[in-house]
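The values are calculated or read from the model by the stated rules, or taken from the named source; none is laboratory data. Owing to the predicted nature of the structure, the values given are computational and were not obtained by experimental measurement. Cβ sites come from the backbone with ideal geometry, for glycine too, and all protein chains shown count toward neighbours. Accessible surface is based on the protein model in full, side chains and every heavy atom, while ligands, DNA and RNA are left aside. Shrake-Rupley method; radii C 1.70, N 1.55, O 1.52, S 1.80 Å.
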Amino acid sequence: MAETPDLFTAWRETLQKWEKETNAALSSITRDEGVSRAMTQSLSVMARLQAKQAEVMEKGLAQANLPSRADFRALNERLDGIERQLAKLSDMVKGLAKTEGVAVVSPGVPKPARTRRPPSAAKKPQEGSSK
């Protein structure tokens, strides 16, 4: 009985051959000084366009009275500072409590509110219903 051809091996070999040929073609193209110059120019144009887009977006958000990315960054930095200060204060309070011999009770994790009735209460018929 003849062996069945391994499709994955054939696919892998074809893909490797295509990759080598593509790499060779692109390497020969990128060696050209003109192509390299054109790529550099296009990248600088794209960078300027992105900067202009960010500027226009910032102005649009300011006109719409909405916070910008920079506003969120500044807010995040302020919150980080506040959290650091709170952590320091908490450590100081714990240290003082320890030196004074007072027990510090840390708050527990709050339990979620029960918004559903247990199954036994749900099965009971309500009073005054016509069923």
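Inside region 33-44, can you point out the residues that are farther than 30 Å from residue 70 by Cα and either open to solvent by 100 Å² or more (accessible area, probe 1.4 Å) or not small (Gly, Ala, Ser) (or both)?
Scanning region 33-44 gives 33, 35, 37, 39.
Of all residues in region 106-131, which are within 35 Å of the chain's Cα centre (by Cα) and either modelled with pLDDT under 75 or open to solvent by 100 Å² or more (accessible area, probe 1.4 Å) (or both)?
The answer is 106, 107, 108, 109, 110, 111, 112, 114, 115, 116.
Scan region 58-73 residue by residue and report those that are in a loop (DSSP other than H, G, I, E, B) and open to solvent by 100 Å² or more (accessible area, probe 1.4 Å).
65
Given the criterion at pLDDT 95 or above and within 31 Å of the chain's Cα centre (by Cα), identify the matching residue among 78, 69.
78
Return the residues of region 24-45 that are out of contact with any helix residue (DSSP H, G or I) (no Cβ under 7 Å at 6 or more places or on another chain) and polar (S, T, N, Q); say none if nothing qualifies.
Result: 27, 28, 40, 41, 42, 44.
Yes or no, residue by residue, for (1) of a type in the set (Gly, Ala, Ser); (2) in contact with an Asp or Glu (Cβ under 7 Å, 6 or more places away or on another chain); (3) open to solvent by less than 90 Å² (accessible area, probe 1.4 Å):
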residue: 6; (1), (2), (3): no, no, yes
residue: 17; (1), (2), (3): no, no, no
residue: 27; (1), (2), (3): yes, no, yes
residue: 31; (1), (2), (3): no, no, no
residue: 46; (1), (2), (3): no, no, no
residue: 53; (1), (2), (3): no, no, no
residue: 75; (1), (2), (3): no, no, yes
residue: 86; (1), (2), (3): no, no, no
residue: 91; (1), (2), (3): no, no, no
